[in-house]
Structure formats: structure tokens, C-alpha cells
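Q: Below is a structure I'd like to ask you about.
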Amino acid sequence: MTGAGGQLGRALVEEFGDDEVVALTRAEWDVANPSPLVEAPDLVLHTAAWTNVDGAEDDPQGAAAVNVGGTANAAALGAPLVYYSTDYVFDGRKGAPYVESDSPNPLSAYGRSKLHGEAAAGDRAWIARTSWSFGETGRNFLLTMLRLGEERDEVAVVDDQRGCPTYVRHLAAATRELVELPFGIWHLAAAGDCTWADFADAIFEEAGLACRVRRISSGELGARAPRPACSVLRSERADAPSLPHWREGLRACLDRLGS
Ligand SMILES: NC(=O)c1ccc[n+]([C@@H]2O[C@H](COP(=O)([O-])OP(=O)(O)OC[C@H]3O[C@@H](n4cnc5c(N)ncnc54)[C@H](OP(=O)(O)O)[C@@H]3O)[C@@H](O)[C@H]2O)c1
């Protein structure tokens, strides 16, 4: 497993805890370099990635070195590989949920690097596209909102981007099902969809925080990287693993944080 210190990496370490897992953090393997492993594993769960979407606009080559070059290095291990990709490979103009056969057209340097990473994963790979991930650790929207909700009476949140907030533990459980299925592209995102502002409202409601959400546009926020307006992911594949609703993921994550 690459990127084992990340939010998905940690969830996968728990999910695959009964297996013999070699979980490598960035300090143990910077995937921009060739693998330090001497023996080929049976399976590679490749979660390591440049995930700073706005930062990739300033350093697209740095993002590509990790997301494309790093994926080629992981594929060079010669084992079947799970590559985690993103809803940001789409431009968001479809106006309906994206399925596996839809054509990607990334708007951002991050999205382009992840799309090229899909190709670098090779033929013996599951391309697991997910969206708006959150968990108990690291940097994610849920943890940011919990912090701001404690500090402020009101937060301004974008209300013109729609996606599927996906709990990393639900994605880790779906990964277990995925590796029993044929290689190829699979959309693995939470059921249901919402805007970031809806998600923030739900976080404050479930966490019992009195903070108000002021709904703003992406233009008002002025983030460096453009994001798709609607990047809801659904699967058109009959045997695709199904994930619980995002609100169920939110409650499960808050429960774990609470305990
Ligand atoms: N987060 C989302 O909303 C989202 C949405 C769709 C898809 N994904 C994809 O899901 C996967 C898992 O992301 P995540 O949510 O777990 O993000 P994350 O918490 O940022 O984890 C990414 C991990 O990769 C590590 N990393 C970065 N550069 C590396 C390098 N050169 N070599 C080795 N490790 C490196 C990071 O280490 P440092 O912390 O030390 O940098 C971090 O531990 C990624 O492929 C991501 O593109 C994420």
C-alpha cells in the first residue's frame, strides 16, 4: 500500500488488517522514485497522490511527477493495482451523473494529472474513481468545517458545485469487493449527492454546532483551480460495489471522532 499515512491509506490499513499488509508512508516510499521493495506483492493499493488541487495549478509538473510518474512506478511492481482516481477528470457540463463510459475532460492540472495517472496504471488495474473524500484524519472538508464551526457564527461555503461526499471507510470496504471484480474503470462514490454548502449544513446539524452557512458562488470564493459544477459519480456496471449514502458516512465518521 502506498500513501499509507493519508486518510484513505489509514482506512485501508484497518480494512485489510487481517491480510499481510506492507503499508508504506511517503517517508518510506516517495513514489516519484522507483520502489524500494525487493519482492513483488500480490496486490498494490496505490493511494499516494498529490491531492492539493489548487497547488497543482502552480506546479503542474510536480503534481504529474507524483500522480503520473508515481503511478508508473507503482505499476512497475508488476502486481494487480488499485488506482484511486477522481470525479475531477470530468468537466461537470453533462448536467447528469457521470458513468464509467462518459468521456473525461479535466478542467484543472490536478484533474489532468489524475487522468494521465489512470493510463499509467496499466492494463492490470482497477481504476476506482471516487469523490469529495473525508475521514477522521488529515486535511478534509469535514474536519475544516468542524474547526470553523467551533470558532465562528457563520461560514461562507460554495453552493454551485455538486458531488458525492464519500467516507474513506466506506471506500475501503468497497475496495475489498472491487478486487474480486474485473479490471477497468469503476465509479465508487457515496449514494446521494449535495453541494458543499449542503454538506456543511449537514455537518453542523449532525455535530450540534450552531454555525450558519452563507451560500456563495465559486466565483466569490476565487479558488485557483477550476472545479466541475456537477461531478456526481454513478456506476453503470451491474456488479459495482454500492456505497452507503453520504449522510450515513457523515454520521459514522462523527461517531468515530466522538469516541
Ligand atoms: N481527497 C479527496 O477528496 C479525493 C477525491 C477523489 C479522489 N481522491 C484520490 O484518492 C486517493 C487518496 O487520497 P486521500 O484522500 O487519502 O488524500 P490524502 O489524505 O492527501 O493522502 C495522500 C497521501 O499521499 C501521500 N503522498 C503525497 N505525495 C507522495 C509521494 N510523492 N510519495 C508517496 N506518498 C505521497 C501524502 O503524504 P503527505 O501527507 O506527506 O503529503 C498522503 O499521505 C488519491 O489518489 C486521491 O487523488 C481523493
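Q: Could you order peptides 141-152, 204-215, 6-17 by the average number of other Cβ atoms within 10 Å of their residues, highest first? Display every interim value, and only then the final one.
A: Details: 141-152: 16.2, 204-215: 14.5, 6-17: 20.6.
Output ranking for 141-152, 204-215, 6-17: 6-17, 141-152, 204-215.
Q: Choose one of 23, 167, 60: the residue whose Cα lies farthest towards the positive end of the charge dipole of the chain (beta-carbon charges +1 Lys, Arg; -1 Asp, Glu; about the Cα centre).
A: Going by the Cα projections, it comes out as 60.
Q: May I pose another question? State to the nearest 20 debye the size of the charge dipole of segment 212-259 about its Cα centre, where the only charges are +1 on K and R beta carbons and -1 on D and E beta carbons. Please report the intermediate quantities before stating the final value.
A: Numbers: 10 positive and 5 negative charges, 62 e Å.
Roughly 300 debye, rounded to the nearest 20.
Q: Right, here's the next one. Rounded to the nearest 20 Debye, what is the dipole magnitude of the chain about its Cα centre when Lys and Arg each give +1 and Asp and Glu each give -1 at the C-beta?
A: Details: 24 positive and 38 negative charges, 104 e Å.
The dipole of the chain has a size of about 500 debye.
Q: In whole percent, and with a 1.4 Å probe on the protein chains, what portion of the accessible area of the chain is carbon and sulfur? All intermediate terms of the calculation are to be shown ahead of the outcome.
A: On the way: 5540 of 11850 Å².
Carbon with sulfur: 47 percent of the solvent-accessible area.
Q: Rounded, prolate or oblate: which fits segment 211-259, taking a ≥ b ≥ c as square roots of the Cα gyration tensor eigenvalues, rounded meaning a/c under 1.5, else prolate when a/b beats b/c?
A: On the way: a/c = 2.99, a/b = 1.21, b/c = 2.48.
Oblate, since a/c reaches 1.5 and b/c is not below a/b.
Q: Run through the DSSP bridge list for the chain and note the antiparallel percent, rounded to the nearest 5.
A: Values: 2 of 27 bridges.
Percentage antiparallel, nearest 5: 5.
Q: Additional query: Can you tell me how segment 23-110 classifies by the Cα gyration tensor, rounded, prolate or oblate, using a/c under 1.5 as the rounded cut? Before the final figure, lay out the partial values.
A: Values: a/c = 2.95, a/b = 1.59, b/c = 1.85.
Oblate is the answer for segment 23-110, as a/c is 1.5 or above yet b/c matches or exceeds a/b.
Q: What value, in deg cm²/dmol to 500, does the helix sum -39500 (n - 2.57) over DSSP H runs of n ≥ 4 give at 222 nm once divided by the residues of the chain?
A: Details: 10 runs with 89 residues, N = 259.
Result for the chain: -9500 deg cm²/dmol, rounded to the nearest 500.
Q: Express the accessible area of segment 105-259 per residue in Å², computed with a 1.4 Å probe while the remaining protein chains stay in the model. Walk me through the intermediate numbers first.
A: Values: 6890 Å² over 155 residues.
Roughly 44 Å² per residue, with all protein chains present.
Q: Classify segment 128-175 from the C-alpha gyration tensor, please: rounded if a/c falls under 1.5, else prolate or oblate depending on whether a/b exceeds b/c. All intermediate terms of the calculation are to be shown ahead of the outcome.
A: Numbers: a/c = 3.90, a/b = 1.65, b/c = 2.37.
In terms of gyration-tensor shape, oblate.
Q: To the nearest 0.05, what FRET efficiency results for residue 215 and residue 27 with a Förster distance of 35 Å applied to their C-beta separation?
A: Numbers: r = 40 Å, r/R0 = 1.15.
Computed FRET efficiency for residue 215 and residue 27: 0.30.
Q: Can I ask one more? Can you give me the Kirkwood hydrodynamic radius for segment 86-245, using every pair of distinct Cα atoms, in Å to one decimal?
A: On the way: mean 1/r = 0.0604 Å⁻¹.
After inverting the pairwise mean of 1/r, the radius is 16.6 Å.
Q: Just 156, 63, 75 to compare: in a GNM of the chain, with alpha carbon springs under 10 Å, which one fluctuates most?
A: Taking springs between Cα atoms under 10 Å, the residue moving most is 156.
Q: Build a GNM of the chain with springs between Cα atoms under 10 Å: which of 88, 167, 98 gets the top mean-square fluctuation?
A: 98
Q: Tell me the label-point distance for the pair residue 181, residue 101, using the 7 Å Cα-to-Cβ offset, in nm and rounded to one decimal.
A: 1.6
The values are calculated or read from the model by the stated rules, or taken from the named source; none is laboratory data. Values in this document were obtained by computation on a predicted structure and should not be read as measured data. Neighbour counts are summed over all protein chains in view; Cβ atoms, including those assigned to glycine, are modelled from backbone coordinates with ideal geometry. Note: areas computed on protein heavy atoms with side chains; ligands, DNA, RNA excluded. Shrake-Rupley method; radii C 1.70, N 1.55, O 1.52, S 1.80 Å.
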